[in-house]
1. Looking at the square roots a ≥ b ≥ c of the eigenvalues of the Cα gyration tensor of the chain, which shape do they give, rounded for a/c under 1.5, prolate if a/b is larger than b/c, or oblate?
2. Assuming 0.36 nm per residue, please report the length gained on full extension of the stretch LYS119 to ASN91 beyond their Cα-Cα distance.
3. Lys pairs in the chain, Cα-Cα under 17 Å, at least 8 apart or on separate chains: how many?
4. Counting alpha carbon pairs within less than 8 Å and at least 6 residues apart, what relative contact order, in whole percent, applies to the chain?
5. Among rounded, prolate and oblate, which fits the stretch 18-94 when a ≥ b ≥ c are the square roots of the eigenvalues of its C-alpha gyration tensor, a/c under 1.5 means rounded, and a/b larger than b/c means prolate?
6. When you count, for each residue, the other Cβ atoms within 10 Å and take the mean per peptide, how do 102-108, 53-59, 10-16 rank with the highest first?
7. Quick one: length gained pulling GLN110 to GLU35 fully straight, 0.36 nm per residue minus the C-alpha distance?
Amino acid sequence: MYKKFLEHLANIHPSYQTIFLYGMGKVYYAQGYLEKAIEYYQQALELARILLDCQQESAILNSLGLVYLYLRNHSQSINYTWQALVIAWKNHNYQGQAIALNSLGLVFCQKGKYSKAIKYLQESRRILRQSYNPSL
């Protein structure tokens, strides 16, 4: 389905292009075609930045971080995920913050730095719990 839309991409509004390209990246990531996933995520990221869509930008950066985690390129993974966290933090996007912190936890877990991983994962959990139930 995505491939059929690809030929009409230039004819749709840029915000929908961003969603489409991000979706294509997710499809390729799920299929294990990581270079293609990176290609589509990068295109989506460029559009999200042009459109000043901070929520999409943060989500795309986090997804890029996960691709690089899968590739075991920890420095790139941390770089992209940290950018996602900063954007989410600046925009009071609590779900985005929690997702990025969770991803950082996964990176440090894979690196064998378990105490650091636990700190990130616990902070992610705390934010999620608070954002869904502010009385906690």
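1. On the way: a/c = 2.43, a/b = 1.47, b/c = 1.65.
Taking the square roots of the gyration eigenvalues as a ≥ b ≥ c, the chain is oblate.
2. Details: separation 28, 0.36 × 28 = 10.08 nm, distance 2.23 nm.
Computed gain between LYS119 and ASN91 is 7.8 nm.
3. Values: LYS3/LYS26; LYS3/LYS36; LYS4/LYS26; LYS4/LYS36; LYS26/LYS36; LYS111/LYS119.
The number of close lysine pairs in the chain is 6.
4. Values: 169 pairs, mean separation 20.5, N = 136.
Value for the chain: 15 percent.
5. Working: a/c = 2.24, a/b = 1.24, b/c = 1.81.
Oblate is the answer for the stretch 18-94, as a/c is 1.5 or above yet b/c matches or exceeds a/b.
6. Working: 102-108: 22.0, 53-59: 20.4, 10-16: 10.4.
Highest-to-lowest ranking by the protection proxy: 102-108, 53-59, 10-16.
7. Values: separation 75, 0.36 × 75 = 27.00 nm, distance 2.08 nm.
Going from the current span to full extension adds 24.9 nm.
We did not get these values from a lab; they are worked out from the coordinates using the rules stated. Because the structure is a prediction, the values reported are computed rather than measured. Cβ sites come from the backbone with ideal geometry, for glycine too, and all protein chains shown count toward neighbours.
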